[in-house]
Amino acid sequence: MDKKWGVAIGYMLSIVFANLTVAWFGLVTWFGWLTFPAGAVFIGLTFSMRDFVQREWGDLKVWWFMIASTVITTLMGVILSHLPVPLWKVALGSAVAFIVSEAIDWAVYYFMKKDIIWRICVSNIFSTPIDSILFVGIVFGGWSFLNPPVWGQTIVKYISGLLVIPIILWARSKAKSVDQYYQTS
């Protein structure tokens with residue numbers, strides 16, 4: 001499998017895993033104070049993976065993967081409606097939050113002509129809080145950023161989205177061609 005398809009499949013799988021995790025476990029609390037939907041870790045990776053898909057497939061073709069992921073999530077909601085949190089709510093919340101926040105992430109990534117690490121950091125700052133407010137509001141109720149699952153999810157998503165940075169840095173240290181590839185064109 002070539003790199004283009006690898007990042008596209010990884011992107012779409014991260015969305016599927018995130019939605020299944022939320023439907024199965026609902027809200028979780030870590031350290032006694034950090035509350036968030038269980039799938040937030042996977043969704044944080046999704047934002048960064050979408051940046052890679054955009055880089056590999058282009059600014060317009062990435063929308064096909066975004067739409068396909070939304071359709072897959074919606075179909076999963078119909079098939080797996082027996083889980084503890086109704087997957088139709090997860091699918092609806094995911095679809096709405098996904099389209100809005102991914103469009104924001106896409107736009108920030110598109111207009112920033114910087115190194116990919118900088119683009120990931122900045123685009124995720126804008127997209128993760130919007131995604132969190134919309135998703136938590138639709139699935140669990142509570143539309144305020146001060147709602148613990150909203151800010152908890154924002155923190156977890158942002159941090160998990162940054163997990164790709166050590167991989168990029170490692171790849172840069174291993175191959176000059178990779179370093180040149182991930183620099184701003």
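Every number here is computed from the coordinates shown, using simple stated rules; none is lab data. Because the structure is a prediction, the values reported are computed rather than measured. Please note: Cβ atoms are built from the backbone with ideal geometry, for glycine as well, and neighbour counts cover all protein chains shown.
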Candidate set from segment 1-42 (those that are among the polar types (S, T, N, Q) and out of contact with any strand residue (DSSP E or B) (no Cβ under 7 Å at 6 or more places or on another chain)); member that is surrounded by the most Cβ atoms within 10 Å (Cβ to Cβ): N19
Checking the conditions here, which among V164, V139 is of a type in the set (A, V, I, L, M) and under 16 Å from A97 (Cα atoms)? V139
Looking across segment 56-81 at residues that are in contact (Cβ under 8 Å) with a residue 24 or more places away in the chain and of a type in the set (S, T, N, Q), the single one that is surrounded by the most Cβ atoms within 10 Å (Cβ to Cβ) is S69
With respect to V53, is the statement that it is touching a residue at least 40 places away in the same chain (Cβ under 8 Å) and within 15 Å of V156 (Cβ to Cβ) true? no
Among the residues of segment 100-127, write down those that are under 16 Å from Y11 (Cβ atoms) and crowded, with 16+ Cβ neighbours inside 10 Å. S101, E102, D105, W106, Y109, I116, R119, I120, S123, N124, S127
For Y110, which of the numbered conditions (1) touching a residue at least 12 places away in the same chain (Cβ under 8 Å); (2) farther than 21 Å from S69 by Cα; (3) aromatic (F, W, Y) fails to hold? (2)
Out of I120, I167, I130, I155, I need the residue that is over 25 Å from L27 (Cα atoms) and either touching a residue at least 60 places away in the same chain (Cβ under 8 Å) or within 12 Å of the chain's Cα centre (by Cα) (or both). Which one? I120
Residues of segment 133-172 being over 19 Å from L92 (Cα atoms), assigned to a helix (DSSP H, G or I), in contact with a helix residue (DSSP H, G or I) (Cβ under 8 Å, 6 or more places away or on another chain) and aromatic (F, W, Y), which ones? W151, Y158
